[in-house]
Amino acid sequence: MNINEFLSDRSKLMKASEIRELLKWVTENVISFGGGMPDPSSFPAKEIMEVTKDVLTTKAEKALQYGTTGGVLELKEELTKFMDKVGIKVDGPENIIITVGSQEALDIVGRLFINPGDYVITESPTYLAALQAFRIYGPRIIGVPMDEYGIKVDVLEGVIKKVIEDGGKLKFIYVVPTGQNPTGITMSMERRKALLEIASRYDLLIIEDDPYGYIYFGDEEPPMRLKAMDSEGRVIYLSTFSKIAAPGLRLGWVAASDEVIKWFELAKQSIDLHTSTLNQYIAAELLRRGVIERNIPRIKEIYRTKRDLMLQALNEYMPEGVTWTKPSAGMFIWLTTPKKIDTGEMLGTAIKKYGVAYVPGKSFYPNEDRHNDMRLNFTYPTPQADF
Ligand SMILES: Cc1ncc(COP(=O)(O)O)c(C=O)c1O
């Protein structure tokens, strides 16, 4: 049988993640800066074990049962308090939906808002798996370049005007404002204000993807969340337990207006009915007991130390002409080589000859043809090579 003859047009828009492909051929003899995983020593494993036992002892009948699509009420109440501490005010649980990681939320964003041919704006470069999630729905994605302060808002406005002039339908601007994946850049407060102002003027949605804000490890205070500054309900806020607890829980959440959350619930119903009830009760209890808040300073310390080590090594070993970002959040450093180097072509040699892996920068660009960057993950590798 030829399965290709059965596949939908949509399936043909799906592409394997280069990163996941890469991870497959990295063996234990390779130092990999290619993945995007947290440091396993940051997981509160013992506490999760205790909480799981308690949840199953006291509320197994609820925790092992089907649940509502929106999510477990206790968890949404805890998240309301958790977000309140960073200035995000929501009226109540009706403004939150619990998803299977932020990744599911990104897919739902695509389902809800993108018609084939619609325009979507992202930072350039941007989170690869967001591009993959959106592309399934056939949008035209325009990447707006960044500098050390985040998305270039003057370029952004030019792009918006052009799309409107050409009669295009522009839906949303997707940003990762803090510790961006892949660059590690944190958008400045000025840019945040300008971005909100532009979105308001042109009546656009903003998708704020914030996996890293809670573990910001810079010396100064992190800039405010866009959602905390949003007086018009145009920011759809995505976050996750993957970086503040453990990605294996597969728990994320979305905060938005109750109307938007209803649409998310409708979309999620047909995808998976609801997120794991057991994991939601565990997360609610981790928040209620303060496990997550107590663990956050420890995560920040681990990542600050590892970032410093990588920055120090780059300073020591990188030749002239190579530049890199100095992140205060997130898990990645973005490194740019002179233009004559193609980091995609170099990867084979890096792995085979030098036993080092990274992710070539090319696939993070929605539409620019750039081949001389790479993404380096500093959170997963150990400070010492184990061989
Ligand atoms: C910017 C960004 N968004 C979303 C995700 C997805 O995270 P999860 O599905 O584990 O919540 C990640 C994971 O690395 C990320 O970096």
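A Cβ distance below 6 Å, combined with a sequence gap of six or more or placement on separate chains, defines the contacts here; from the range 328-348, residues that are in contact (Cβ under 8 Å) with a residue 24 or more places away in the chain reach residues that are in a helix (DSSP H, G or I) and among the charged types (D, E, K, R) in the pairs GLY344/LYS362. Applying the criterion of being of a type in the set (A, V, I, L, M, F, W, C) and touching a strand residue (DSSP E or B) at 6+ places or on another chain (Cβ under 6 Å) to the residues of the range 90-108, the residue that is farthest from the ligand (Cβ to nearest atom) is VAL90.
Looking across the range 26-52, the residues that are touching a residue at least 12 places away in the same chain (Cβ under 8 Å), surrounded by 11 or more Cβ atoms within 10 Å (Cβ to Cβ), farther than 11 Å from ALA245 by Cα and away from the ligand (no atom under 16 Å from the Cβ) come down to VAL26, VAL30, ILE31, VAL51, THR52. Note on the range 123-154: residues that are within 16 Å of the ligand (Cβ to nearest atom), touching a helix residue (DSSP H, G or I) at 6+ places or on another chain (Cβ under 7 Å) and within 19 Å of ILE164 (Cα to Cα) amount to 1. Of all residues in the range 65-84, those that are among the small types (Gly, Ala, Ser) have Cβ atoms under 6 Å from Cβ atoms of residues that are part of a loop (DSSP other than H, G, I, E, B) and surrounded by 19 or more Cβ atoms within 10 Å (Cβ to Cβ), 6 or more apart or on another chain, in GLY67/HIS274. Between TYR149, TYR202, the distinction of being touching a Leu at 6+ places or on another chain (Cβ under 9 Å) and of a type in the set (Phe, Trp, Tyr) belongs to TYR202 only. Can you tell me which residues in the range 325-358 are in contact with an Asp or Glu (Cβ under 7 Å, 6 or more places away or on another chain) and within 15 Å of the ligand (Cβ to nearest atom)? Within the range 325-358, TRP334 is the sole residue that qualifies. Which residue is farthest from LYS59 (Cα to Cα), if the candidates are limited to the range 262-271 and must be surrounded by fewer than 23 Cβ atoms within 10 Å (Cβ to Cβ) and under 21 Å from the mean Cα position of the chain (by Cα)? The selected residue is ALA267. Go through the range 229-278 residue by residue and tally those that are more than 25 Å from LEU195 (Cα to Cα) and outside any loop (DSSP other than H, G, I, E, B). So the answer is 14.
Candidates TYR237, TYR202, TYR212, TYR216: the one that is surrounded by fewer than 23 Cβ atoms within 10 Å (Cβ to Cβ) and touching a residue at least 60 places away in the same chain (Cβ under 8 Å) is TYR216. Per this entry, ARG289 is not counted among residues that are within 16 Å of the ligand (Cβ to nearest atom), out of contact with any Lys or Arg (no Cβ under 9 Å at 6 or more places or on another chain) and of a type in the set (Lys, Arg).
Taken together, the values in this text are just the output of simple stated rules run on the coordinates, not laboratory data. This is a predicted model, so every value here is computed, not measured. Please note: Cβ atoms are built from the backbone with ideal geometry, for glycine as well, and neighbour counts cover all protein chains shown.
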